[in-house]
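Handing you a structure now.
None of the figures in this text is laboratory data; all of them are computed from the coordinates on show. Here the structure is a predicted model, which means the values were calculated and not measured. Quick reminder, even Gly has a Cβ in these numbers, built from the backbone with ideal geometry, and neighbours come from all protein chains shown.
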Amino acid sequence: MRTPSAALIVASIALFVALGGTSYAVTQLPKNSVGTKQLKANAVTGAKVKNGSLAATDFSNAALDVLQGAAGPTGAIGATGPSNVYFGYQTTTVTVDSTTGVTVGTMDVPAGSYSVVAAMTLNNNSDYTNVAAASCGLTYGDRTAYQAADLAPQALTRSIDGSLELTLLVANTSTAAGPITVTCTCSNEHVLREGTFDVTGLRIIATQTGNLTTIATN
């Protein structure tokens, strides 16, 4: 048998190395060489995903809506929080001498449901014969509570008092912020009822509530 020449041996080695290098390139992919273009459709299955490795940001909003379960039952109502209380007072004296109404005082509160109490002192300021026919109203929103009384002249002793501590109460809901208003009028319907009166010590307390239910009394 003829011995292979040196040139043939070198060529054979070169061919072997070349084939071996190609095989290496096919079975060992370079780092960062595979992207979305290299992946076939549906190539990644659940078995290839590491358990617990996916976060909510890995899913679309539509997928999250599907995965979200139905809403559970409504929980128990928590404890009622503290109420908001608004207090206003007036140190001046307001003389009421009009049949069309005199604003005694106002207090602004935010919109909401309130239980409002106003208290004040009425004094007939006539010296001798005139009775003061007083009428006062407390208004919040579209609701007003009224109270009327006859005040005797200060110089006379009658069966009616010349001074009266008046208390008014109203409860209402208003969707707009606005004032709580106290107004008073005096009547001159009779010659002996032409007296005027003073209002002093006005106090207003408004307690805001979460819910206001109006119930008719029997």
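Using θ = phi - 60° and the Karplus curve 6.51 cos²θ - 1.76 cosθ + 1.60, what whole-Hz ³J(HN,Hα) does each residue of region 48-64 get, with Gly and Pro shown as x?
8, 9, 5, 4, x, 8, 8, 10, 4, 5, 7, 10, 6, 4, 5, 5, 5
Another question, then. Using the count of nearby Cβ atoms within 10 Å as a rough guide to exposure, how do 168, 212, 54, 151 rank from fewest to most?
54, 212, 168, 151
Among 86, 114, 146, which comes first, second and so on when ranked by fewest other beta-carbon atoms within 10 Å?
Listing 86, 114, 146 from fewest to most nearby Cβ atoms yields 146, 86, 114.
Rg over Rh of region 55-96, using C-alpha atoms and the Kirkwood radius, what does it come to?
Here Rg/Rh amounts to 1.56.
Output the Kirkwood hydrodynamic radius of region 85-209, Cα pairs only, in Å rounded to one decimal.
With all distinct Cα pairs of region 85-209 included, I get 14.8 Å.
What is the set of long-range amide H partners of residue 112 at a cut-off below 5 Å, with H atoms built 1.01 Å from backbone N?
174, 176
List 169, 202 from most exposed to least, where exposure is judged by having the fewest other Cβ atoms within 10 Å.
In order of increasing Cβ crowding within 10 Å: 169, 202.
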